[in-house]
Amino acid sequence: MKPNELESLYQLFRDHEVVMGTSRTTIVALQSIRDSIQRLRCLPHAFENLVLELDDVIKNTQPKIIPLVHLIEAFEAEMRPHFGKPLNEAKACALAILDQKLALYKSAIERLVDHGKRLIEDSDVIIAHSPSLAVRNALVSAHTELQRRFRVIVLEQHFVRIKQLIRELAASGIEHLVIPEYNLSHFMDSANKLFLGAISVTPDRKVIATVGSANIVGLCHLNRIPVYLLVNSLKFAHKSVAGQKIYKADQTQSKEDLTYLQTTFSHDMVDFDLIDHVITEEGEIPVR
């Protein structure tokens, strides 16, 4: 692909991640890859190169979508013995492997949600700052399945990011309050838990999370509000934070009579040591 085509594709991934979160983006991407392979028309000898070219693009998104990278790497390893088969057979093998990866990932999310909902008790006041599928479903399931009665403080930093969370809390009858992210300090006395999602966790003990997460986690840590990270084990990266390709943008801004260059990053880095509880699909794991 040409550089401008790659950047457009990576922007599409970032937009999806902002709106849907990493888990749903991973599911949508796997389904899209499956549909692309199913519809692909090519000469038999070209199939392997076309599939691997698509895989390379996906593995190098900015930032990296770590669970998707892990699943694509596993898909490639399992496909290698099948690339030399007749085209229809090779495609059938690819589709079967992708179906298995999708089922594996969806099952892991369900188990993570099951652990997450059991963390919620009656009278909890939970801060939510994430479009994370696991966080959202854990809140809803705790209320609808376990009959927990609690409140949620929803932090608005990016409306598109929290729109679905607000809708689902309202539809489920969960008491909630929406506040600007920068007003959280006024609610420290009432909250007793922070639920957080992540795009990845790195070997050098950094959590890559939505913009604003570092400030929120720091504030909760100072006020002794336990931070719960709900994260699929496939989000644990093999490379340090420098290898996660967090997207950096320099944009010219003009306001009133001033023009200046503004630098932004797509995601925050949170120190792992500020996390009190790490919950995966296998349950709670040691933080230290």
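Between a residue in the stretch 243-261 that is farther than 25 Å from Pro203 by Cα and any residue that is charged (D, E, K, R) and open to solvent by 70 Å² or more (accessible area, probe 1.4 Å), which pairs come within a Cβ distance under 7 Å, given they are 6 or more apart or on different chains?
That search, which allows pairs on different chains as well, returns Leu261/Asp250.
Would you point out the residue of the stretch 217-226, among those that are open to solvent by less than 90 Å² (accessible area, probe 1.4 Å) and not in a loop (DSSP other than H, G, I, E, B), that is nearest to Arg24 (Cα to Cα)?
Val217
Regarding Ile37, is this residue closer than 30 Å to Ile162 by Cβ, open to solvent by less than 50 Å² (accessible area, probe 1.4 Å) and not small (Gly, Ala, Ser)?
No: the conditions fail for Ile37.
So, in the stretch 42-56, of the ones that are closer than 18 Å to Ala96 by Cα and among the charged types (D, E, K, R), which residue ends up least open to solvent (accessible area, probe 1.4 Å)?
Filtering first and then ranking leaves Asp55.
Quick grid of which residues meet (1) part of a loop (DSSP other than H, G, I, E, B); (2) touching a residue at least 24 places away in the same chain (Cβ under 8 Å):
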site	(1), (2)
Ile120	yes, yes
Ser130	yes, yes
Val140	no, yes
His143	no, yes
Leu146	yes, yes
Val160	no, yes
Lys163	no, no
Ala170	no, no
Leu184	no, yes
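Please find, within the stretch 85-136, the residue that is nearest to Phe150 (Cα to Cα) out of those that are small (Gly, Ala, Ser) and touching a helix residue (DSSP H, G or I) at 6+ places or on another chain (Cβ under 8 Å).
Ranking the candidates gives Ala128 first.
I'd like to know if the stretch 134-155 contains one or more residues that are in contact with a strand residue (DSSP E or B) (Cβ under 7 Å, 6 or more places away or on another chain), open to solvent by 10 Å² or more (accessible area, probe 1.4 Å) and within 30 Å of Ile72 (Cα to Cα).
no
In the stretch 145-191, which residue that is within 24 Å of the chain's Cα centre (by Cα) and among the polar types (S, T, N, Q) is nearest to Thr210 (Cα to Cα)?
Selected residue: Gln157.
For the stretch 104-119, does any single residue satisfy the condition of being within 24 Å of Ala198 (Cα to Cα), among the polar types (S, T, N, Q) and either at pLDDT 95 or above or in contact with a strand residue (DSSP E or B) (Cβ under 6 Å, 6 or more places away or on another chain) (or both)?
yes
Just for the stretch 165-212: of the residues that are under 26 Å from Thr26 (Cα atoms) and among the acidic types (Asp, Glu), which one is surrounded by the fewest Cβ atoms within 10 Å (Cβ to Cβ)?
If we take residues in the stretch 165-212 being under 26 Å from Thr26 (Cα atoms) and among the acidic types (Asp, Glu), then Asp204 is surrounded by the fewest Cβ atoms within 10 Å (Cβ to Cβ).
Please state which one of Ile65, Ile58, Ile109 is over 30 Å from Ala142 (Cα atoms) and hydrophobic (A, V, I, L, M, F, W, C).
Checking each option against the conditions leaves just Ile58.
Output the residues belonging to the stretch 71-118 that are open to solvent by less than 50 Å² (accessible area, probe 1.4 Å) and outside any helix (DSSP H, G or I).
Phe83
Of the residues Leu234, Leu229, only one is among the hydrophobic types (A, V, I, L, M, F, W, C), within 17 Å of the chain's Cα centre (by Cα), buried (at least 16 other Cβ atoms within 10 Å of the Cβ) and in a helix (DSSP H, G or I); which?
Leu234
Say whether the condition of being modelled with pLDDT of 90 or more, buried (at least 16 other Cβ atoms within 10 Å of the Cβ) and closer than 23 Å to Ile58 by Cβ is met by at least one residue in the stretch 243-263.
Looking for residues that are modelled with pLDDT of 90 or more, buried (at least 16 other Cβ atoms within 10 Å of the Cβ) and closer than 23 Å to Ile58 by Cβ, one finds none in the stretch 243-263, hence no.
Give all pairs with beta carbons closer than 7 Å in which a residue from the stretch 32-50 that is in contact (Cβ under 8 Å) with a residue 12 or more places away in the chain meets a residue that is surrounded by 12 or more Cβ atoms within 10 Å (Cβ to Cβ) and among the small types (Gly, Ala, Ser); count only pairs at least 6 apart in sequence or on separate chains.
Within 7 Å, the pairs are Ile37/Ala94; Phe47/Ala90.
The values are calculated or read from the model by the stated rules, or taken from the named source; none is laboratory data. Keep in mind it's a predicted model, so treat the numbers as computed, not measured. For neighbour counting, all protein chains shown are included, and Cβ atoms are generated from backbone atoms with ideal geometry for every residue, glycine included. For accessibility, only protein heavy atoms count, side chains too; no ligands or nucleic acids. Shrake-Rupley method; radii C 1.70, N 1.55, O 1.52, S 1.80 Å.
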